[in-house]
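What follows is one structure encoded as structure tokens, with my remarks underneath.
The values are calculated or read from the model by the stated rules, or taken from the named source; none is laboratory data. Bear in mind the structure is a predicted one, so any value in this text is a computation, not a measurement. For neighbour counting, all protein chains shown are included, and Cβ atoms are generated from backbone atoms with ideal geometry for every residue, glycine included.
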């Protein structure tokens, strides 16, 4: 491989990861602004125009905070846990195609598709790496030498296990429709046959619910659960280590939003515009708008609903979502086989 | 004891009322906020605002206070310290030094109520902050405010406290006399030379039946 080709890959990768981290920063501001608006308040509006520089101020504040490690904490795992939480969250976005066609990188004479790694087992990669994020939470809670942290971690692990099943089954139903695990193939199939949400509304709703649980977001944020567990797994964390958990959570939210967009809403497809005639920048805007809707939904739900009880969480996951997801998967499979034969 | 719970309907068991809640918060998104941008936009104040106590100053620059010590006596937090001194002016006595420890002051307004000379008044100044304890002890020059600025509060306060006074002080002409509090029965019922009233030491020596 030529040097310029490698450079082009690096540039696209940096674009995607930089974008992910930028979205995480923007989300930390959006979280506070949207919550304020929903409570008749204004939110942070002092730093920069409209408070837009607030994430930078937060970052500087985090950097200068003292790092506290509790007595009896496991020194290696305690330091490793935030990294293990943030890095997989950033990695999951790699398989999500965030634009159509190819972009030509100016000055390099190279063109790359707008996806970091279009691997043939993209869906499995997403599930595998996405599930790694829970290791950070479990190790962080365990290494803190704090019983509340550990409780939060255990809850998070059990929750992840319960909802991963429904998530995977609803994802599998969408994959059955296109017959490929490759994300770009799923997008192409949707360009030809219409968005998957038209065929798989049940799977869409199950994925929507399960992705809240997978990212440990309200109303399923049992890993943090302030009133019961102080701060859950990140009780003992401060400074940049806490910021890593924080950023990891938002990155995971963005990756999940990107995934549900790709699977059910046609990803970067622009409605009523053929795939060949779509300029790459328009498809990126379409992708951003679609995922933005889900990112807003995350905030919207968080500031509207109370937290579930833990038994309700398990009841919803195992007794309601899983049977429906299984049934949906079986029916989809049967219909696809019958239609193909 | 049995826990009474309402039977949930099918839609409620499917968590569908969540949608109703979501639409409510979405509507709130576009409503007007109820935030006051505090340092730029101050707190609304009126004559009724009971802020930090201040001393009133006559138009000629002299202090109204006669250093009688009533406010110092009545202060429940011992925040006021007065050092009186003789003066050539008609009032004969004025405070050489008048200190209020704002860290002790509880803004109760007793000093204002006790003052017979309209000298100490609860201003509308509310903010007070500083890194050292010493700067919170305000001296006479720091406390003095021109009486013209405090006229409204003085009239307002007199309107309230006149009900306890034998000799009413002038009230704010803007205040409707019909709204004035009724004169206290204590102020009118007990005549000055009541034969039933006994000296204080007599009361103290009386055995109570309780």
Exercise for the section: Please indicate, with yes or no, whether at least one residue in segment A:207-225 is without any contact (Cβ under 8 Å) to a residue 24 or more places away in the chain and either surrounded by fewer than 19 Cβ atoms within 10 Å (Cβ to Cβ) or on the phi > 0 side of the Ramachandran plot (or both). Expected result: no
Handout entry: Members of segment B:1-31 that are modelled with pLDDT under 85 and farther than 20 Å from residue A:205 by Cα
Key = B:1, B:2, B:3, B:4, B:5, B:6, B:7, B:8, B:9
Exercise for the section: Please verify whether segment A:308-324 includes one or more residues that are within 11 Å of another protein chain (Cβ to nearest Cβ) and within 19 Å of the chain's Cα centre (by Cα). Expected result: no
Problem - Failed item in (1) within 14 Å of chain B (Cβ to nearest Cβ); (2) surrounded by 17 or more Cβ atoms within 10 Å (Cβ to Cβ); (3) in a helix (DSSP H, G or I), with residue A:91 passing the rest - result: (1)
Practice task
For segment A:72-84, state whether one or more residues are assigned to a loop (DSSP other than H, G, I, E, B) and out of contact with any helix residue (DSSP H, G or I) (no Cβ under 6 Å at 6 or more places or on another chain).
Solution key: yes
Exercise for the section: Quickly run through segment A:173-193 and pick out the residues that are in contact (Cβ under 8 Å) with a residue 40 or more places away in the chain and either assigned to a helix (DSSP H, G or I) or over 20 Å from residue A:95 (Cβ atoms) (or both). Expected result: A:173, A:174, A:175, A:176, A:177, A:183, A:184, A:186, A:187, A:188, A:190, A:191
Handout entry: Number of the exception - residue A:336 against (1) in a helix (DSSP H, G or I); (2) more than 23 Å from residue A:203 (Cβ to Cβ)
Key = (2)
Exercise for the section: Looking for whichever is outside any helix (DSSP H, G or I) and touching a helix residue (DSSP H, G or I) at 6+ places or on another chain (Cβ under 6 Å) here; the options are A:34, A:47. Which one fits? Expected result: A:47
Exercise for the section: Test residue A:291 against the stated conditions and say whether it is surrounded by 17 or more Cβ atoms within 10 Å (Cβ to Cβ), in contact (Cβ under 8 Å) with a residue 12 or more places away in the chain and out of contact with any helix residue (DSSP H, G or I) (no Cβ under 8 Å at 6 or more places or on another chain). Expected result: no
Problem - Positions within segment B:94-127 being surrounded by 14 or more Cβ atoms within 10 Å (Cβ to Cβ) and in a strand (DSSP E or B), in sequence order - result: B:94, B:95, B:98, B:99, B:100, B:101, B:120, B:121, B:122
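Condition check ((1) away from chain B (no Cβ under 14 Å); (2) more than 27 Å from the chain's Cα centre (by Cα); (3) surrounded by 15 or more Cβ atoms within 10 Å (Cβ to Cβ)) across all residues:
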residue	(1), (2), (3)
A:16	yes, no, yes
A:48	yes, yes, no
A:52	yes, no, no
A:65	yes, yes, no
A:82	yes, no, yes
